[in-house]
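*Asks:* Below is a structure I'd like to ask you about.
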Amino acid sequence: MNAESASSSRYAPYKDSVEDDEPLGIQREDVTVTYAQDFGYADIHHGLYGSIMTCIGDVLGFFGSIPCCCCCPNPYQRVGQGSVGLISRFGKCYKIVDPGLAQINPVTESIKRVDMTIQITEVPKQEVMTRDNVSLGLESVLYWRVVAPYEAEYGIANVLVALVERARTVLRNVCGHHTLQDIIENRDAISREIRANITPFTDKWGVEVEATLIKDLDISSDLQKSLSSAAQAKRIGESRVIASEAEVESAKLMREAADILNTPAAMQIRYLETLSSMSRSGQGPKTIFMPMPSHQHQDEPSSSSST
């Protein structure tokens, strides 16, 4: 009993279930976004012809759903992950389905798949004029995705072409309000400004622009030489300023040192150091003539007169 109690106090009890524990990792409900929507057009009839075609499609779809029947169209269509399906009946879209297996009428209905993942599109190089009248070539990249599949598919003829052309126009307008130096130094801020100007148009197209990046700046060789010369002149000017400041500081320090060394105590120290160095130089006997300080000359007449 003592051994069992000791082991139970040392080790935590084993749990067969993890109902009380928090889930680990990414859960399905955290990443699943549904776009499924029914517009309510399924009950609209198209007369006798529509009813006949619907019945024929149902019959063909029934036989097509049998795996061994290859002569009839399959009514089940696959929608891949990252896409949605737009189902149309007699040319009219009436339903949006999520990724998975969707059933349609093979005669009266059709399905269009719309990619909902983030797309990367390069904006072709174009010439822009900056505020300081400098011409340069710009290449940019768009990161965008479809957020409203119905508007992106049926609200505009070609959303990709419209997006690229709008990006080119906005890029020219934005860069025209900035100087070349601003474009070179503040690419991220200009990219955010371009995105903010594109967003009002893309919202109506069912598209969201995630980011816009200025990929490359093409500057002419003459302009590159002038910029290099200006940068070199700036560096030379900065070095001269630093050298001048150093000379000023050196002059200040030398003047302070001269003021300090000009005191009688400092002169006496230098005098003794000179005598010490003279005594250590050379070999043999030496004769050193020591000048008498000026204050001693002034004291001698007074002393002689007193005697």
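*Asks:* Please tell me if residue 59 is in the same structural domain as residue 34 (by TED's automatic domain parsing), among the aliphatic types (A, V, I, L, M) and in contact with a Pro (Cβ under 9 Å, 6 or more places away or on another chain).
*Replies:* no
*Asks:* Answer yes or no: is there a residue in the stretch 96-107 that is surrounded by fewer than 17 Cβ atoms within 10 Å (Cβ to Cβ) and under 30 Å from residue 184 (Cβ atoms).
*Replies:* No, the stretch 96-107 contains no residue that is surrounded by fewer than 17 Cβ atoms within 10 Å (Cβ to Cβ) and under 30 Å from residue 184 (Cβ atoms).
*Asks:* Hey, any hits in the stretch 43-63 for a residue that's touching a helix residue (DSSP H, G or I) at 6+ places or on another chain (Cβ under 6 Å) and modelled with pLDDT of 90 or more?
*Replies:* Among the residues of the stretch 43-63, not one is touching a helix residue (DSSP H, G or I) at 6+ places or on another chain (Cβ under 6 Å) and modelled with pLDDT of 90 or more, which makes the answer no.
*Asks:* Here is a list of conditions, (1) at pLDDT below 70; (2) of a type in the set (D, E, K, R); (3) exposed (fewer than 10 other Cβ atoms within 10 Å of the Cβ), and residue 280 meets all of them except one; can you say which number that is?
*Replies:* Answer for residue 280: the failing condition is (1).
Per-residue answers, yes or no, for (1) loosely packed, with under 14 Cβ neighbours inside 10 Å; (2) acidic (Asp, Glu); (3) assigned to a strand (DSSP E or B):
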site	(1), (2), (3)
111	no, no, yes
127	yes, yes, yes
132	yes, yes, no
137	yes, no, yes
140	no, no, yes
156	no, no, no
168	no, no, no
171	no, no, no
174	no, no, no
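The values are calculated or read from the model by the stated rules, or taken from the named source; none is laboratory data. Fair warning: this is a prediction, and the values are worked out from it, not measured in the lab. Here Cβ is always computed from backbone atoms with ideal geometry, including for glycine, and neighbour counts include all displayed protein chains.
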